[in-house]
Amino acid sequence: MYRFFLLGFLTGFMISCDTPDEIPVLVVGEDFSDSNVRILVIDTFQVEMSTFRFDSLVTSGENRLLIGGYTDPFLGRIKTESYLELGDFSFDISTDAELDSVALILGYDTHYFKDTTQVVDFSVHRLLDDLRPEDESFYNISEISYSERSLARRSFIPEPFEEDSLHISLPKAFGQELFDLFQDENIQTTEDFLLKFKGLVLRSGDTNDAVVGFRSGSSTVMRFYYFIDGEFGKEEFTYDLPINPNSLDPTHFNRVIQDLSNLPLEPILLDQEVEVFPEDVDHKVFIQSGSGIITKIKFPTIKQLYNIPGEGTLLSAILQITPSAGTFSSTETLRDSLSVSVVDRNNRVYRDLLINGQFVSGALNTENSEFNEEVYEIPVAPYLLDKLEEDFEVDDALILIPTDYNTSLDKIVLDAPSAENGDTKLIVTYAIYDPQ
Amino acid sequence: MPFMTRNKATILIIFWSGIVYSQTNNLTGSPYSFFGLGVPNFSKIGNNAGYSGVGISRGEDTTLNDLNPASIGRLNTNYVVLDLGGFLELETLRDNANTENRFSGNFSSVGVGFHPGKKWGASIVITPATNVGYTLFGLTTQVEGSNEEFYSNIFGSGGMNTIDFDIAFQATESLSLGVKSRYLFGNVDETENVVLNNSFLTIEESNNYRNFQFGFGLLYKFLERFELGATLQLETSLDGLQDRTVIRSLDFSTPSIADQDTDIPIADFIMPLEYGIGLSTTITDRAQLHFDFKRSLWEDTNQADGFGNYIDRNVYGLAFEYGANLNQFANFWDRVSYRFGATYDSGYLDILGTNVSSYRFSLGVGIPISRFGSMINIGYNYTHNGEVTNVLIEEQIHTLSFNISLVDIWFRKSYYD
């Protein structure tokens, strides 16, 4: 009897108990001790920047036709030629139809760059060769021969938001030729059509100062206006011929033509491996979509982090880059974000940078834009950690790629660290937890 | 042969599982446990809880007393004692602005002792010796090379344990000499969480300390009514090894392990030289008075921790016992022992110039449960620690302790087959 009572008694207080995990609110902190950790911010690591140009960029497979161009003191003159192939599934036109007129309709896609209050001009030419790529894609340097005589010329003030589309009248004789072939049923399939009509190119003029984008989808068509005599008089109809929907190959692309003659950046046109350094270009580096011009960044002295005594770890590393003053404005806007990739020593992209499974990208911090203190902040710690841990020296570098790099003509001019009025630098935050 | 043999196995199983389970939670919330190896527990084995830890000159004949290794030499011949104890504690912490309560419980000690023959006795006692449980909140530190500050919180948990092996020889009728071999072991774990803007850093350190510590004690009866006790604990250096894990978030990513290391050598922790002297006097047949003085030479260890310095510590104690009526025919309440104790501890910590001292009162009863001296001891202790100043906090701790001391007779030569 006694025994059981004792057993129960003992078991009772053998088990330790405690109030469930609460942190006592009694704040004793600084009076008892300092932190065991030191955190340092270092902004004196070297940032080596340069500019190079990709040999080519794929410009088919996107959804935009670019028209226009501009001139820049460092980037020279740039303009586009937009190539497209038309087609359809069927070409039924009633035998009673009578052609009234033909036009090319281009649907705005709201993209623009630079001053759209200025006139943009371009000409429309017929292609002499098939729109067939050598491999699977077309590039910004691809070309297809076209007829020197233009079908039409158009100058316009772009209205990418106010208007749906741009209307370019085409010669009636040209339209009649195709219209008759449809009516006579000499053209019944896409193959028939492409034999007769290989496509169009929209060639931007040489004096433009704006770039406009048009959709390559169903809002861009060659439109035949015709009428048929009906009971109540002539009824108007339209027949739309879109960009060929019936093909596995690409059916449109943008060519980018750039002239850098006698400018400091000219050498980059020679080869992808050629770089121009900021001291030759007013302490600047460049990124230009469409042409393939891109900024390259290295951190040659980052391993000096090991010289700091004690055991520590990298907490963050932000590459801060200021866009050059006077190179951007409300019409020449800066991109909000730049994604980061890694190139090898031949300037070829060989890996992406991921953080949490997502691509690393830097954002434009516009908190202080009233004071003209916009700055790009690019988190590069995962890249630096790889560099700090590499077993042997790898000669790689980072490049910054804006969105729509293959399908726009935007430019971003950045200050190199040596620029006097710039504030480009690498800001490293390093924590030492075992000061020794 | 009552309890012991039949229930030994069951009891042993229970207390082993108790030891394993009981060390999982923070048993204190005292910020003072930040310093050194935590806040020390006072001895609760045998009758000790009721005496407020006074016991250098107490040679116990029917129970264990780990305060003086010579005490086991006074255990009655052929006696075997098994002692198990636990306690419940209510802690109230107070500073300038807030009051916090914390309730906890644990086992306090387990011990076995015996005195075969006339000449010598030995005991083994296992005790959780210190407890660590603190939170240092909201430390701000300047980031070097910037105007920013980073914030940290530091959490501590763990504690040290001791296994004491005491052996004592009855040199003469009045003199008992003892040697204590103590093994100290345990972990003090500390985690610091750092936040700076969007970056996080966590450093988890588990510091393991262990080593032996040796001590001596003597008990000397004189003039029939007096007993003098003396103890000496030698200084020892506890070897420290650390396991460390560093976790951080890189830029804005999810946290990952930056570094992981085991068995990193860290600075040893030095337990100081300690000596004590005590005097007991028998006033009447049943009433006894005890005085204790103990001094720990912390300053000689040249240690500091955070903003605390270690200073020499003096403990003064006084205890009184009104013992059991040993007459077989006495009624139950007459066979209960009553105890009272009071101690003043000048403290071993000096934090930013202010001394952390404490005092304690205790009351206890011992309820006999067998002829041989098996007893259930219940003690109540009130401890007051520190004071509310700009820097310090005040702690009031109420401890209710229970222990059972089971006595059996072994080693008797049997007179019959």
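The values are calculated or read from the model by the stated rules, or taken from the named source; none is laboratory data. Everything quoted here is computed from the prediction, not taken from an experiment. In this analysis, Cβ positions are derived from the backbone assuming ideal geometry, glycine residues included, and neighbour counts consider all displayed protein chains. SASA here: full protein model, heavy atoms, side chains in, ligands and nucleic acids out. Shrake-Rupley method; radii C 1.70, N 1.55, O 1.52, S 1.80 Å.
A compact table of results
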read-out: Residue, surrounded by the fewest Cβ atoms within 10 Å (Cβ to Cβ), within the stretch B:227-282, restricted to residues that are charged (D, E, K, R) and more than 30 Å from B:Glu192 (Cα to Cα); value: B:Glu235
read-out: Strands (runs of 3 or more DSSP E) completely within the stretch A:334-404 that count 3 or more residues being among the charged types (D, E, K, R); value: A:373-379
read-out: Breaking point among (1) more than 27 Å from A:Phe89 (Cβ to Cβ); (2) out of contact with any strand residue (DSSP E or B) (no Cβ under 8 Å at 6 or more places or on another chain), for A:Glu136; value: (1)
read-out: B:Asp300 farther than 20 Å from B:Ile56 by Cα, assigned to a loop (DSSP other than H, G, I, E, B) and open to solvent by 80 Å² or more (accessible area, probe 1.4 Å); value: no
read-out: Residue check, A:Asp249 within 26 Å of A:Tyr112 (Cα to Cα) and of a type in the set (D, E, K, R); value: no
read-out: Test: B:Asn403 is assigned to a strand (DSSP E or B), out of contact with any Ser or Thr (no Cβ under 6 Å at 6 or more places or on another chain) and buried (at least 20 other Cβ atoms within 10 Å of the Cβ); value: yes
read-out: Selected residue [open to solvent by 10 Å² or more (accessible area, probe 1.4 Å) and under 20 Å from the mean Cα position of the chain (by Cα)] from B:Phe103, B:Phe114; value: B:Phe103
read-out: Output for the stretch A:156-188, where each listed residue is open to solvent by less than 70 Å² (accessible area, probe 1.4 Å), more than 27 Å from the chain's Cα centre (by Cα) and not aliphatic (A, V, I, L, M); value: A:Pro171, A:Phe174, A:Gly175, A:Gln176, A:Phe179, A:Asp180, A:Phe182, A:Gln183
read-out: Some residue of the stretch B:79-86 being within 20 Å of B:Asp345 (Cβ to Cβ), open to solvent by less than 10 Å² (accessible area, probe 1.4 Å) and more than 8 Å from chain A (Cβ to nearest Cβ); value: no
read-out: Positions within the stretch B:117-138 being surrounded by fewer than 24 Cβ atoms within 10 Å (Cβ to Cβ) and within 7 Å of chain A (Cβ to nearest Cβ), in sequence order; value: B:Thr135, B:Phe137, B:Gly138
read-out: Residue satisfying all of: in the stretch B:177-202; farther than 20 Å from B:Phe34 by Cβ and of a type in the set (Ser, Thr, Tyr); most open to solvent (accessible area, probe 1.4 Å) among these; value: B:Tyr183
read-out: B:Gly46 away from chain A (no Cβ under 14 Å), at positive phi, outside any strand (DSSP E or B) and open to solvent by less than 20 Å² (accessible area, probe 1.4 Å); value: yes
read-out: Where A:Phe122 falls short, out of the listed (1) open to solvent by 30 Å² or more (accessible area, probe 1.4 Å); (2) under 20 Å from A:Phe214 (Cβ atoms); value: (1)
read-out: One residue from B:Glu299, B:Glu274 being more than 29 Å from B:Asp408 (Cβ to Cβ), modelled with pLDDT of 90 or more and touching a Pro at 6+ places or on another chain (Cβ under 9 Å); value: B:Glu299
read-out: Single residue of A:Thr429, A:Thr403, A:Thr424 found to be in contact (Cβ under 8 Å) with a residue 40 or more places away in the chain and surrounded by fewer than 16 Cβ atoms within 10 Å (Cβ to Cβ); value: A:Thr403
read-out: Residue check, B:Leu84 in contact with a helix residue (DSSP H, G or I) (Cβ under 6 Å, 6 or more places away or on another chain) and hydrophobic (A, V, I, L, M, F, W, C); value: yes
read-out: Selection from the stretch A:194-234 of residues that are under 23 Å from A:Glu62 (Cα atoms), of a type in the set (Ser, Thr, Tyr) and open to solvent by less than 60 Å² (accessible area, probe 1.4 Å); value: A:Ser204, A:Ser216, A:Ser219, A:Thr220
read-out: Candidate set from the stretch A:235-266 (those that are assigned to a loop (DSSP other than H, G, I, E, B) and free of Cβ contacts under 8 Å to residues at least 40 places away in the same chain); member that is least open to solvent (accessible area, probe 1.4 Å); value: A:Asn262
read-out: Verdict on B:Ala324 being within 15 Å of B:Gly364 (Cα to Cα) and either surrounded by fewer than 16 Cβ atoms within 10 Å (Cβ to Cβ) or without any contact (Cβ under 8 Å) to a residue 40 or more places away in the chain (or both); value: no
read-out: Candidates B:Asp334, B:Asp350, B:Asp345 - the one that is under 13 Å from B:Phe35 (Cβ atoms) and not β-branched (Val, Ile, Thr); value: B:Asp350
read-out: From the options B:Asp95, B:Asp166, residue that is acidic (Asp, Glu), more than 10 Å from chain A (Cβ to nearest Cβ) and crowded, with 16+ Cβ neighbours inside 10 Å; value: B:Asp166
read-out: Candidates B:Ser174, B:Ser146, B:Ser152, filtered to the one that is more than 14 Å from chain A (Cβ to nearest Cβ) and either out of contact with any Lys or Arg (no Cβ under 7 Å at 6 or more places or on another chain) or open to solvent by 10 Å² or more (accessible area, probe 1.4 Å) (or both); value: B:Ser174
read-out: Criterion: small (Gly, Ala, Ser), surrounded by fewer than 18 Cβ atoms within 10 Å (Cβ to Cβ) and away from chain B (no Cβ under 11 Å) - qualifying residue of A:Ser418, A:Ser408; value: A:Ser418
read-out: Where a residue in the stretch B:300-316 is within 12 Å of chain A (Cβ to nearest Cβ) and its partner, wherever it lies, is modelled with pLDDT under 90 and open to solvent by 40 Å² or more (accessible area, probe 1.4 Å), with Cβ under 6 Å and at least six apart; value: B:Phe307/B:Leu352
read-out: B:Leu241 vs. criteria assigned to a strand (DSSP E or B), at pLDDT 90 or above and farther than 15 Å from B:Gly276 by Cβ; value: yes
read-out: Any hit, the stretch A:365-372, residues being of a type outside the set (Phe, Trp, Tyr) and touching a Lys or Arg at 6+ places or on another chain (Cβ under 8 Å); value: no
read-out: Candidates B:Gly373, B:Gly306, B:Gly353 - the one that is buried (at least 16 other Cβ atoms within 10 Å of the Cβ), modelled with pLDDT under 90 and farther than 30 Å from B:Asp61 by Cβ; value: B:Gly306
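Conditions (1) modelled with pLDDT of 85 or more; (2) touching a strand residue (DSSP E or B) at 6+ places or on another chain (Cβ under 6 Å); (3) open to solvent by 30 Å² or more (accessible area, probe 1.4 Å); (4) within 22 Å of A:Glu393 (Cβ to Cβ), marked per residue:
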residue	(1), (2), (3), (4)
A:Gly290	yes, yes, no, no
A:Thr295	yes, yes, no, no
A:Gln304	yes, no, yes, yes
A:Asn307	yes, no, yes, yes
A:Thr331	no, yes, yes, no
